[in-house]
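K.L.:
The structure follows.
Values quoted throughout were computed directly from the atomic coordinates according to the rules given, and no laboratory measurement underlies them. Worth saying up front: this structure is predicted, and the values here are computed from it rather than measured. Note that we place each Cβ from the backbone using ideal geometry, even for glycine, and neighbour counts take in every protein chain shown.
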Amino acid sequence: MNRLLLSVALLGSLTVPAVQAQSAAAIAKVDVADLSIQAARQRTYPGSALKVVQTLARGSNYTRQVVSYQSEGLTIYALLTVPNGTPPKGGWPAVVFNHGYVPPAVYRTTERYVAYQDAFARNGFVTLKSDYRGHGRSQGEPLGGYYSPGYTTDVMNALGSLRKDARVNAKRVGMWGHSMGGFLTLRAMVIDPSIRAGVIWAGVVGDYHQMMTQWNNRPPASIPQRVLNLRKAAVAKYGTPAQNPSFWAGLSANTYLKDLGGPVQLHIGSADEDVPVLFHTTLRAQLIAAGKGVQSYVYPGDNHNLSRHLTVALNRSVAFFKANL
């Protein structure tokens with residue numbers, strides 16, 4: 001089932017033309033300027049109480065549930081894990097889990113990243129993996145994370161929702177992100193410096209000049225042309241990062257690294273074919289220059305998912321959160 005028909009199925013009574021009209025209206029409202037870090041800091045991200053939608057089979061020492069929360073009036077679904085037993089004083093430490101690009105029409109809450117999320121859940125962390133807007137059953141239009149603020153907003157409201165939960169220690173929350181999720185994690189950390197620590201795997205963490213000039217991969221065929229056109233529209237309106245550097249710098253988390261409230265751990269494979277290692281090494285240097293704590297691991301010959309060093313990378317990530325949350 002293609003994305004448009006899937007959306008129709010989920011929305012029920014809406015016709016195809018109505019869905020197309022909604023999509024066009026959502027795109028027409030997008031202004032890349034809304035991605036600026038300063039604009040994001042002016043918004044509030046209250047999230048909501050986590051509403052249980054489905055209880056799943058338990059993990060080894062934790063429960064699993066599909067839950068929902070609110071983000072800009074949209075219902076966003078997520079996978080929640082909670083350790084068994086009595087929480088420590090103040091509540092469990094928690095990790096907001098930001099997945100990378102998966103075609104929204106085929107995304108499912110309980111698929112992908114299961115082993116990754118399990119590693120943190122088994123080690124005493126509450127975890128919440130958000131289905132960004134338009135993914136799976138989540139409401140809203142999936143316009144991507146790089147030229148539209150929607151996914152950032154959903155991540156920030158996931159954070160707000162976790163902090164409302166009585167089982168969670170609101171002062172001990174970190175973020176984990178892979179690929180596009182790494183982009184969202186770094187943004188979230190500079191928007192809200194109270195995020196204690198972040199772990200980024202194969203992150204799209206270059207600034208906009210790097211993203212436009214040093215990222216030579218073709219976009220996945222599953223990305224609709226209308227989403228790709230958001231970048232063209234942004235450049236047409238504001239110029240390129242070379243032509244209008246101050247504008248694009250204001251959109252980039254890299255500009256605000258001095259505002260980070262905690263350390264960052266970076267992982268990438270040297271043979272990553274999806275994200276340049278240069279993004280990783282440049283961010284590492286920028287973090288050091290900003291006087292921020294950083295751990296950096298480049299895995300020889302490994303791919304975008306760190307398949308060859310998965311256990312090592314997960315163990316390092318878990319240890320980092322245990323030390324910093």
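K.L.:
So how much slack lies between SER222 and HIS209, counting 0.36 nm per residue of separation and subtracting their Cα-Cα distance, in nm?
P.N.:
Extending this stretch completely gives an extra 2.2 nm.
K.L.:
Which links in LYS51/LYS322; LYS51/LYS292; LYS29/LYS292 stretch past 32 Å when you go from one Cα to the other?
P.N.:
Pairs exceeding 32 Å: LYS51/LYS292; LYS29/LYS292.
K.L.:
Separate question: In terms of Cα to Cα distance under 13 Å, which aspartates and glutamates are near enough to LYS232, apart from those fewer than 8 places away along the same chain?
P.N.:
Candidates past the 8-residue exclusion: ASP31.
K.L.:
Projecting each Cα onto the charge dipole of segment 32-128 (Lys/Arg +1, Asp/Glu -1 at the beta carbon, about the Cα centre), which of VAL126, ALA49, THR75 comes out farthest on the positive side?
P.N.:
VAL126
K.L.:
Let me ask something additional. Show that you can apply the helix-only estimate: for the chain, add -39,500 (n - 2.57) for every DSSP H stretch of four or more residues, divide by all residues, and state [θ] at 222 nm to the nearest 500.
P.N.:
Numbers: 11 runs with 119 residues, N = 325.
Dividing the helical sum by the residues of the chain leaves -11000 deg cm²/dmol.
K.L.:
Taking R0 as 56 Å, what FRET efficiency do you get between GLN54 and GLN243 from their Cβ-Cβ distance, rounded to the nearest 0.05?
P.N.:
Computed FRET efficiency for GLN54 and GLN243 comes out at 0.70.
K.L.:
Additional query: Which of the peptides 149-159, 178-188, 134-144 is most tightly packed, and how do the rest follow, judged by the mean count of other Cβ atoms within 10 Å per residue?
P.N.:
My ranking of the peptides, most packed first, is 178-188, 149-159, 134-144.
K.L.:
Could you give the length gained by full extension between ALA289 and ARG41, i.e. 0.36 nm per residue of separation minus their alpha carbon distance, to one decimal place?
P.N.:
Gain on extension, ALA289 to ARG41, equals 86.9 nm.
K.L.:
Now, a different point. Please work out how much length the chain gains when fully extended from SER270 to GLN65, using 0.36 nm per residue of separation minus the C-alpha to C-alpha distance, in nm with one decimal.
P.N.:
Contour length minus the Cα-Cα distance gives 70.3 nm.
K.L.:
Here's a follow-up. Using the Cα centre as the reference, give the magnitude of the dipole from point charges on the C-beta atoms of the chain (Lys, Arg: +1; Asp, Glu: -1; all else neutral), rounded to the nearest 20 debye.
P.N.:
Values: 32 positive and 16 negative charges, 140 e Å.
With only Lys, Arg, Asp and Glu charged at Cβ, the dipole is about 680 debye.
K.L.:
Output the antiparallel fraction of DSSP beta bridges having both residues in segment 55-206, as a percent to the nearest 5. If you can, show how the numbers build up before the last one.
P.N.:
Numbers: 15 of 29 bridges.
So the antiparallel bridges in segment 55-206 amount to around 50 percent.
K.L.:
Okay, next question. Could you tell me what percent of the DSSP beta bridges with both partners in the chain are antiparallel, to the nearest 5? All intermediate terms of the calculation are to be shown ahead of the outcome.
P.N.:
Details: 18 of 42 bridges.
About 45 percent, rounded to the nearest 5.
K.L.:
Would you tally the net charge around ILE268, using a Cβ to Cβ cut-off of less than 14 Å, leaving ILE268 out, and scoring K and R as +1, D and E as -1?
P.N.:
-1
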